[in-house]
Amino acid sequence: MTPVRAFSLCLAPLLVVLAGCGNSPKTVTKAEYQTEIQKVGADLTAAGSKLGKSIDIATFNESVDNFQTHLRDASNTLNGLKPPANTQDVNKLLAGSFHDLADELEPVKDARRESIVKARDALLKVDKSQAAEDGRTAVQELQKLGYDTSQLGAL
């Protein structure tokens, strides 16, 4: 078998997987979207609550990593949905805020390696970031549209 043919055989399954990644978002009703945002909110609340449970560097930074993963998963979940038309822009804003918040948390880990006080200050900076503001705006807009955002409100 030639190297080119071997490469092509290895590349074929990857192309099949990547082709599936371009699927259209799943259309959901208001009730289905409500269920999804409640699931996402509960998951993020559980993951985020672990941040304050430990102050040693390794465990704290593991908790930040875990929260970042859950934020990115939440962003991907929301981006995979097509909610009712009047909710689509808000959904996009919320999904983007989760993704950006995950990125904003990276300096918190570096700060924790220096001190717990610097980690606290870094978390306060995240809370004042555009990503956090976008998330709060999205939650408020969802409330105006009649969604129960109690699970998201804890974030």
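The values are calculated or read from the model by the stated rules, or taken from the named source; none is laboratory data. These numbers come from a predicted model, not from an experiment. Every residue, glycine among them, receives a Cβ derived from its backbone with ideal geometry; neighbour counts consider all protein chains shown. To get the accessible areas, we keep the full protein, side chains included, count just its heavy atoms, and leave off ligands, DNA and RNA. Shrake-Rupley method; radii C 1.70, N 1.55, O 1.52, S 1.80 Å.
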Once phi is turned into ³J(HN,Hα) by the Karplus curve 6.51 cos²θ - 1.76 cosθ + 1.60 with θ = phi - 60°, what whole-Hz value does each residue of the range 108-123 show in order, with x for glycine and proline?
-> 5, 5, 5, 5, 5, 5, 8, 5, 5, 5, 5, 5, 4, 4, 5, 5
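For residue 106 and residue 38 in one chain, what is 0.36 nm times their gap in residues minus the Cα-Cα distance, to one decimal in nm?
Numbers: separation 68, 0.36 × 68 = 24.48 nm, distance 2.57 nm.
Additional length available on full extension: 21.9 nm.
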Rounded to a whole %, the carbon-and-sulfur portion of the accessible area of the range 82-155 at a 1.4 Å probe is 50 percent
Counting Lys and Arg as +1 and Asp and Glu as -1 over every other residue whose Cβ sits under 13 Å from the Cβ of residue 152, the net charge comes to -3
Residue 30: which lysines have alpha carbons under 16 Å from its alpha carbon, excluding same-chain residues fewer than 8 sequence positions away?
-> 39, 82, 92, 144
